[in-house]
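Right, one structure below, let's go through it.
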Amino acid sequence: MELDEDQHQIRKWVHDFAEDVMRPAGREWDEREETPWPIIEEAASIGLYSLDFCSNAFADPTGLTFPIVSEEMCWGDAGLALAIFGSTLALSAISGNGTPEQFDEWAPQCFGTPDKVQLGAFGVSEPDAGSDVSSLRTRAVYDEAKDEWVLNGTKTWITNGGIADVHVIVAAVDPELKARGHASFVVPPGTPGLRQGQKFKKMGIRASHTAEVILEDCRVPGRCLLGGRERLDARLARAHEGKSNRTQAALSTFE
Ligand SMILES: Cc1cc2nc3c(=O)[nH]c(=O)nc-3n(C[C@H](O)[C@H](O)[C@H](O)COP(=O)(O)OP(=O)(O)OC[C@H]3O[C@@H](n4cnc5c(N)ncnc54)[C@H](O)[C@@H]3O)c2cc1C
């Protein structure tokens with residue numbers, strides 16, 4: 001398969017950034033085990049760390065642009081690469097599950113601006129639910145009187161966990177349905193009840209922050225349910241009837 005002209009140009013552009021900025025800084029930030037804000041800011045200043053660039057890369061119909069970018073970034077330094085692109089996990093969750101209005105509200109906040117860089121985080125993994133997401137225990141309960149969802153649980157191994165501006169959290173709304181009873185929620189910046197737990201010391205990619213996220217009666221407005229209430233209710237009703245509109249069981253969390 002041949003890369004097209006745009007893909008060649010993007011590869012060269014990212015390669016130059018990896019060579020000039022990431023490689024010289026990689027060792028230092030790996031040893032510091034801290035989020036490399038100056039490097040993320042530098043990526044933002046050239047438009048590499050931006051909603052625009054990431055959205056366009058994801059939208060490439062060949063599916064090649066983001067893997068090409070990731071390959072070059074990881075050649076630069078895998079820890080810095082994950083520190084720079086960890087926010088795309090939240091972006092994917094928002095674009096995959098959210099309404100256009102939710103995308104417009106939350107996706108820009110996962111990146112901020114070159115002057116005020118922001119981060120996103122995506123929390124699905126839990127101490128006893130890694131590959132087996134259907135076992136996750138974090139609960140989301142709807143408080144009808146206040147039109148709020150109340151989140152409780154512990155997420156683990158979360159990139160940018162606790163330091164992100166926008167967290168997207170996957171929780172069970174109907175635990176009996178296992179993965180088909182899950183939903184994703186945006187936790188807006190500064191929401192009480194969400195805090196970082198332990199930060200993990202890793203053996204590699206240490207410039208990327210990985211931590212637990214603890215949710216204790218964390219209340220988010222009803223509009224933070226990605227996809228909205230109507231879609232969730234329809235999905236739960238389908239699941240209760242034993243129907244599906246997807247063919248792959250592994251995707252049921254995101255049906
Ligand atoms: C650096 C880092 C960053 C991360 N960032 C995030 C993040 O931002 N958000 C998030 O939600 N999670 C994140 N994770 C968690 C990651 O998604 C999980 O580690 C992953 O889902 C695997 O889960 P686990 O570690 O519990 O391993 P397990 O699920 O216990 O798997 C252990 C091993 O068993 C294998 N295995 C498991 N089940 C089966 C099966 N049925 N058949 C055959 N083999 C099987 C696996 O392939 C693996 O080799 C991160 C992890 C790391 C290391």
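The values are calculated or read from the model by the stated rules, or taken from the named source; none is laboratory data. Note that the coordinates shown come from a computational prediction; the quantities given were computed from them, not determined experimentally. Please note: Cβ atoms are built from the backbone with ideal geometry, for glycine as well, and neighbour counts cover all protein chains shown. What goes into the accessible areas is simple: the full protein's heavy atoms, side chains included, and nothing from ligands, DNA or RNA. Shrake-Rupley method; radii C 1.70, N 1.55, O 1.52, S 1.80 Å.
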Given (1) open to solvent by less than 20 Å² (accessible area, probe 1.4 Å); (2) within 30 Å of residue 29 (Cβ to Cβ); (3) within 16 Å of the ligand (Cβ to nearest atom), identify the lone condition not met by residue 106.
(3)
What residue, among those in the range 122-138 that are more than 6 Å from the ligand (Cβ to nearest atom) and among the hydrophobic types (A, V, I, L, M, F, W, C), is most open to solvent (accessible area, probe 1.4 Å)?
133
When the residues of the range 34-59 are filtered to those that are touching a residue at least 12 places away in the same chain (Cβ under 8 Å) and among the acidic types (Asp, Glu), which remaining residue is nearest to the ligand (Cβ to nearest atom)?
34
For the range 140-151, which residues satisfy the criterion of being open to solvent by 40 Å² or more (accessible area, probe 1.4 Å) and under 15 Å from residue 224 (Cα atoms)?
141, 142, 144, 146, 147, 148
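Could we say that residue 205 is open to solvent by less than 20 Å² (accessible area, probe 1.4 Å) and within 30 Å of residue 31 (Cα to Cα) here?
no
Okay, residues lined up against (1) touching a Pro at 6+ places or on another chain (Cβ under 7 Å); (2) buried (at least 23 other Cβ atoms within 10 Å of the Cβ); (3) closer than 19 Å to residue 169 by Cα:
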| site | (1), (2), (3) |
| --- | --- |
| 58 | no, no, no |
| 63 | no, no, no |
| 72 | no, no, no |
| 75 | no, no, no |
| 86 | no, yes, yes |
| 92 | no, no, yes |
| 95 | no, no, yes |
| 102 | no, no, yes |
